[in-house]
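The values are calculated or read from the model by the stated rules, or taken from the named source; none is laboratory data. As the structure is a prediction and not an experimental result, all values here were calculated from the model. Glycine gets a Cβ as well: all are built from the backbone with ideal geometry, and neighbour counts include every protein chain shown. When the accessible area is computed, the model is the full protein with side chains, heavy atoms only, and any ligands, DNA or RNA have been set aside. Shrake-Rupley method; radii C 1.70, N 1.55, O 1.52, S 1.80 Å.
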Amino acid sequence: HATDSDRQGLRSSVCGHRSSPGGNIVVPKSLVIVESPAKAKTITKFLGKGYVVKASYGHVRDLPPNRLAVDTKRNFKPQYQVVKGREKIVEELRKSARNSQAIYLATDPDREGEAIGWHLVQELKPPKKAVHRVVFREVTKRAVQEAFAHPGSLDLKKVEAQQAHRIL
């Protein structure tokens, strides 16, 4: 016979919930990553309790400034590194990603924003998490909620365009 504790454990594993030390169910929030802290503060007001919104402060990875930044033996593959001074931001985002139910990349809708989102995924390495791309062209409640109602995926053509531009 299943005990209440067994049922709770099964419910937790199936639903993705976990119990707090007091026995209350803790529902993991979805992580939303934007580029600026001001935008994070505004978007937090629009999304509600199921989301935690954090800023990447722009690019988190770049090509090294003082050496050849491509691997000439591997089809000129770019050799990225975390931007100096952004290590704590990346670590905080990585921790938030581990503790979240899903990740929403809400970076700017241009090629730089797309590349920032791609670099975030590469650095955060979200284990078996749903990663969504949300795009809005204005920071209004209606536009943000509409973007979250219809999430997509990263546009790799924009990412590759930004990489080519940056390498050159």
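Annotations for the structure displayed:
- Residue tally, condition under 22 Å from T44 (Cβ atoms), of a type in the set (G, A, S) and over 11 Å from the mean Cα position of the chain (by Cα), over region 56-105: 1
- Looking across region 84-98, the residues that are under 10 Å from R61 (Cα atoms) and either open to solvent by 70 Å² or more (accessible area, probe 1.4 Å) or basic (K, R) (or both) come down to K84, R86, E87.
- The condition of being in contact with a helix residue (DSSP H, G or I) (Cβ under 6 Å, 6 or more places away or on another chain), modelled with pLDDT of 85 or more and open to solvent by less than 60 Å² (accessible area, probe 1.4 Å) holds for only one of V52, V34, that being V34.
- Residue that is nearest to Q122 (Cα to Cα) [pool: residues in region 55-83 that are open to solvent by 100 Å² or more (accessible area, probe 1.4 Å) and not hydrophobic (A, V, I, L, M, F, W, C)]: K77
- Scanning region 115-139 for residues that are of a type in the set (V, I, T) and open to solvent by 50 Å² or more (accessible area, probe 1.4 Å) yields V131, V135, V139.
- Considered as a group, the residues in region 140-166 that are without any contact (Cβ under 8 Å) to a residue 24 or more places away in the chain and of a type in the set (G, A, S) include one that is surrounded by the most Cβ atoms within 10 Å (Cβ to Cβ), and that residue is A143.
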